[in-house]
1. Of SER64, LEU7, TRP32, whose Cα points farthest to the positive end of the dipole of the chain (charges on the beta-carbon: +1 Lys, Arg; -1 Asp, Glu; origin at the Cα centre)?
2. List, in order, the whole-Hz ³J(HN,Hα) value for each residue of the stretch 149-162 obtained from phi through the Karplus relation with A = 6.51, B = -1.76, C = 1.60 and θ = phi - 60°; use x for Gly and Pro.
3. Can you give the net charge of the other residues whose Cβ lies under 12 Å from the Cβ of ARG29, counting K and R as +1 and D and E as -1?
4. Once you've got the GNM for the chain with C-alpha springs shorter than 10 Å, pick whichever of ALA41, ALA59, ALA107 has the biggest mean-square fluctuation.
5. With charges only on Cβ, +1 for K and R and -1 for D and E, what is the dipole size of the chain about its Cα centre, in debye, rounded to 20?
6. Which of MET85, MET55, LEU156 sits farthest toward the positive end of the charge dipole of the chain, with +1 on the Cβ of Lys and Arg and -1 on the Cβ of Asp and Glu?
7. Under a crude label model (7 Å from the Cα following the beta-carbon direction), how far is GLU103 from ASP40 in nanometres?
8. Over the stretch 12-165, what is the relative contact order in percent, taking alpha-carbon pairs closer than 8 angstrom and at least six residues apart?
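All of the numbers you see were taken from the coordinates with simple rules; none came from a lab. This structure is a prediction, so every number in the text was calculated from the model and none was measured. Glycine gets a Cβ as well: all are built from the backbone with ideal geometry, and neighbour counts include every protein chain shown.
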Amino acid sequence: MTIRPFLPYSDRRLHIPAEPVQAITETVRMIWDDMIDTMDAMPGVGLAAPQIGIMLRLAVVDASDKRGQAIRMANPEVLHASTQMRAHDEASPNLPGVFARIERARAVTVRFLNDRAEIEDRDFVGLWATSVQHQIDHLDGKLYVDHLTPLRRKMLVAKSAKLARR
């Protein structure tokens, strides 16, 4: 297993939708394993494949109190989102050194292809729900800063670039 490098915010691949996964193969399983290693090394509570340059609709999420509870998802889609919102400070290793408070649905029901190649519907609440929505955004070519006003987004991108030059 490998810890993979992150694409910089300016990389075009972060801003385009990823391709659907056709089948759960051994290659997909190895990518998920690398994604979990990479997520745990951040440390973070989720990772989408485009963040590390793999343009497939793959994500992992682990918002558990202890590690080792990662959920592997292919082609995740939100079936239902609660009307109750939850604000959380979000960040991304693709835009290091900055974060912003983002409001997302407090709970979501997500359908995805799991590591057993079965279609699964699962409910996520709280930080789990926030992370799943954040990862699906990445799969759709969006980052958390795309939820901000253009001025706020520009300021955070500039601040991250300045920090990277140090």
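1. Selected residue: LEU7.
2. Running phi through 6.51 cos²θ - 1.76 cosθ + 1.60 with θ = phi - 60° gives 5, x, 5, 4, 4, 4, 5, 5, 5, 5, 5, 5, 5, 5 Hz.
3. Surrounding charge for ARG29 is -2.
4. The residue with the greatest mean-square fluctuation here is ALA41.
5. Magnitude of the dipole: close to 900 debye.
6. The residue sitting farthest along the positive end of the dipole is LEU156.
7. The answer from the label model is 3.7 nm.
8. Contact order relative to length: 25 percent.
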